[in-house]
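Comments concern the structure below.
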């Protein structure tokens, strides 16, 4: 049963907001036709990906243009939709756009939501989504209308069950709204259904606040804009306090498991003293000691001019970017995957730790033993459903505080430091996932859903909804789709090679990072703090409708 949506004053106002569609979609899906581009290939591991996706590999990029489309209105269809993975602002508007796109072609088209994420497909838990249901969820945050989940459809039995559920419900299509892992799942299901000769179209929609599901056709994943504005408000509030009290160093960890896009974007918005970028750490092969020494040296420099305070932004996945830690985590993943049954049999954490360390190479075992007990324990926690270490549970900000504090004590003992180092740590993660979507995300998600309906009605299985030209007004956005296999590479998961959509990392030669590199020394010593305040929904478009700094830098020369 779906929980009733309670309506606040802000919610009432947001329900009145009407997203603006790209011009090509404004006359409905029946007046949009697909134009096929050139054949595509995966970003890496071509032969391996092609062997796995025999039926869906190499399909062309698709763009939509105005024109009558008899195929889209040929018959009434029934479409399933599922929210998969972590929440992101705007998920409800994807469903809103999907419903309206389907209805624009044929009023008899039906939309059915699977409840609780992919497990809803396996358990056949559904509810019909109509105008009455969607009415109280338009332009709202979260995934609470039908909920989400992290179940993976990966075993032969699960694929067979998914097929059985879809056919039992007489569905013509299924739309996955998710991130890289969820859309990998969508790609595998699309391939499976084609091999099974089941005429069911599977479409993906790019979601993740982390911002790491992107390329030239997917300029941004939805939710990133809103989440970074929420985090920027929180960090800006802290900076205002820092500017007032002037006595604390704040170490702030921000969500972003595999890339530092969130940290970089929030950095642009608030201009703190330090912005650590994991991709730079990896490229420079920095050790944990080097990072700590750099932070300690800055604390000393600022102290000499009377500034015993500062703000440090840390990407959630930083620990995985440090080469020595990256090697340790990869080895831990393999040891835990290969010895899962034996590890689960130990009664105490000490027994478990000793066993795991005994299975590590000598240099990594030494590194593991050198870490604070709290951090080493967190590194050995159960993996997520995809076999990844749960970096959101690793308190990197506390690790850095502890190690910087230790370094400063050594410097003080040597007479090289006389200041005070009082600290406060923070982790901003879930605060950004279910916020009320910004005007940009409200428009973007609505367009992604409407565009997904166009892909469904043209039976383009195995495609990801693509809406681009995002630095322009939403009416000028361009629509189409790209093959999910185009974004694939091979990665090791749970000790085995798996096809996965490649994560887009911060490019050190890209315009956003270069812009940051020019100003970070100034930010470090001269307090250039910005206080963006809460997301503004009402006011001049120059405030309410601007997109992220990241996109502005990336698209500046285009």
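Counting only DSSP H runs of at least 4 residues, each contributing -39500 (n - 2.57), and dividing by the residue count of the chain, the helix-based mean residue ellipticity at 222 nm comes to -12500 deg cm²/dmol. Any idea what % of Cα-Cα pairs in region 41-87 are farther than 11 Å? Beyond 11 Å sits 80 percent of the P(r) for region 41-87. Cα centroid separation, region 211-228 to region 471-493: 10 Å. With the simple spin-label model, which puts each label point 7 Å out from Cα in the Cβ direction, the residue 346 to residue 530 separation comes to 4.7 nm. The ranking of 523, 249 by Cβ neighbour count inside 10 Å, starting from the fewest, reads 523, 249.
Would you mind computing Rg(Cα) / (2.2 N^0.38 Å) for region 323-389, counting N as its residues? Taking the Cα Rg and dividing by 2.2 N^0.38 Å, one obtains 1.01.
Residues 103, 48 in ascending order of nearby Cβ atoms (within 10 Å, fewest first): 48, 103. Give me the distance between the Cα centres of region 27-84 and region 95-109, rounded to whole Å. Value for the Cα centre distance between the two parts: 18 Å. Across q = 0.15, 0.19 Å⁻¹, region 128-280 modelled as identical point scatterers on its alpha-carbon atoms has Debye log10 I(q)/I(0) values of -0.93, -1.20, in the order of the q list. Taking 7 Å steps out from each Cα toward its Cβ at residue 509 and residue 406 produces label points 3.8 nm apart. Rounded to the nearest 0.05, the FRET efficiency derived from the C-beta distance between residue 301 and residue 216 at R0 = 41 Å is 0.50.
Between residue 413 and residue 363, what FRET efficiency follows from the Cβ-Cβ distance if R0 is 35 Å, with the result rounded to 0.05? Taking R0 as 35 Å, the efficiency between residue 413 and residue 363 is 0.75. A Förster radius of 22 Å, combined with the Cβ-Cβ distance separating residue 544 from residue 6, puts the computed FRET efficiency at roughly 0.30. Between residue 35 and residue 377, residue separation times 0.36 nm minus the direct Cα-Cα distance comes to 117.8 nm.
Rounded to two decimals, the Cα radius of gyration of the chain over 2.2 N^0.38 Å is 1.00. Placing a pseudo-label 7 Å from each Cα along the Cα-to-Cβ vector at residue 198 and residue 522 gives an inter-label distance of 5.7 nm.
All of the numbers you see were taken from the coordinates with simple rules; none came from a lab. Remember, predicted model here, so these are calculated numbers, not experimental data. Positions of Cβ are backbone-derived with ideal geometry, glycine not excepted, and every protein chain shown enters the neighbour counts.
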